[in-house]
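One structure below.
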Amino acid sequence: MRILIISDIHANFVALESVFADAQGRYDAVWCLGDVVGYGPMPNECVEMVDEVTNHVVIGNHDWAVLGRPGIDVDDFNPMAREAVLWTRSVLTRQNRALLDRFPDVPVQPVEMPDLLLTHASPREPVWEYVHTPTIALENFAWFEEKICLVGHTHKPAIYRWRLERDWDEETGSKTIGAATVDHLPLRAEEPILLDVSAEQRLILNPGSVGQPRDNDPRAAYALLDTEQMSWELRRVTYPIDLTQSQMRAVNLPRRLIDRLNYGW
Ligand code: ZN
């Protein structure tokens, strides 16, 4: 199966449409890792499209904040994010709020792919924790058993590889289980990599952000996962950023949220 993996759309419908146009004909299913709304100007359109096209979706922290669920205080957000959350609440239709409210807040294991896990933030803290260092990744590998976990939330594409080292025991002449290590694999857009997984090698994969990339590349990011070839292709798509920015200006979203889209941070 070929799966289109999207995450952190953040109500940037122009970027989302560009991603679907770029991926056209190359996927059989769509999985979304959350943060469909927050920051951007088109929350209703994004919730409707994600609900319509995705086979699996999980909720993100911004989605959760917009719903006003207990456990998330919007005052914990930075002032710009908070303003965007409050504006999103004011424009989200009752029907779309109900759709968003149905997205699960626990990691999802797809029935058709039981060796994979989907979560917004991390396996340990599905809505909040940032997996952005090998040390944090290493701790999180203990929180799931599947070979591959897909995460979003950082808005930066990444691959973390967990390996169980084997030591040679001279006395018994056999291998013993050694320590687990995690490294950060380099990845380049449009260059598919083969996912080599086993009981001794597992992966955490992050496709980056559709609607607000933060790796100094302003292009929309997404990934294509081919579960037969066992390949992962990160893709970057140029989209009309100025169109999203004019939509944001029209509804008075904070200036810095508008400007940051130019720089990808
Ligand atoms: Zn996000």
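The values are calculated or read from the model by the stated rules, or taken from the named source; none is laboratory data. The shown structure was predicted, so the numbers you read here are calculated from the model rather than taken from an experiment. Neighbour counts run over all protein chains shown; Cβ positions are idealised from the backbone, glycine included. Accessible surface areas use protein heavy atoms only, side chains included; no ligands, DNA or RNA. Shrake-Rupley method; radii C 1.70, N 1.55, O 1.52, S 1.80 Å.
Take every DSSP beta bridge whose two residues both sit in the chain, then give the antiparallel share in percent to the nearest 5. Please report the intermediate quantities before stating the final value.
Details: 30 of 42 bridges.
Here the share of antiparallel DSSP bridges comes out near 70 percent.
What the phi angles of region 62-70 give under the Karplus curve with 6.51, -1.76 and 1.60, with θ = phi - 60°, is a coupling list of 6, 4, 4, 5, 4, 6, x, 5, x Hz, glycine and proline written as x. The label point for residue 251 and the one for residue 201, both projected 7 Å from the Cα toward the Cβ, are 4.5 nm apart. Two numbers describe the Cα atoms of region 116-207: Rg and Dmax, which are 14.5, 48 Å. The phi-based Karplus calculation (6.51 cos²θ - 1.76 cosθ + 1.60; θ = phi - 60°) puts the 3J(HN,Hα) values of region 182-190 at 10, 10, 9, 7, x, 9, 10, 4, 6 Hz, whole numbers, x for Gly and Pro. Counting Lys and Arg as +1 and Asp and Glu as -1 over every other residue whose Cβ lies under 11 Å from the Cβ of residue 176, the net charge comes to -3.
Each of 209, 198, 164 was placed along the dipole of region 125-242 (beta-carbon charges, centred on the mean Cα), and the one lying farthest toward the positive end is 209.
Dipole check for the chain: with +1 at the C-beta of Lys and Arg, -1 at the C-beta of Asp and Glu, and the Cα centre as origin, the magnitude is about 940 Debye. A Förster radius of 30 Å, combined with the Cβ-Cβ distance separating residue 177 from residue 106, puts the computed FRET efficiency at roughly 0.50. In the chain, the sites counted are GluC sites (Glu not before Pro) in DSSP loop states with at most 16 other Cβ atoms within 10 Å, and the longest stretch holding none of them, exclusive of the sites, is 1-111.
Rolling a 1.4 Å probe over the protein heavy atoms gives the chain an accessible area of 45 Å² per residue.
Shown for the chain: the carbon plus sulfur share of the solvent-accessible area, taken with all protein chains present and a 1.4 angstrom probe, equals 49%.
Extension gain for residue 190-residue 167 works out to 4.6 nm (0.36 nm per residue, less the C-alpha to C-alpha distance). For residue 156, the shell of other residues with beta-carbons less than 9 Å away shows a net charge of 0, using +1 for Lys and Arg and -1 for Asp and Glu. Around the amide H of residue 149, modelled in the peptide plane, lie the amide H atoms of 117, 203, 204, 205, all under 5 Å away and 5 or more residues distant in sequence or on another chain. Relative to the compact-globule estimate of 2.2 N^0.38 Å, the Cα radius of gyration of the chain comes out at 1.03.
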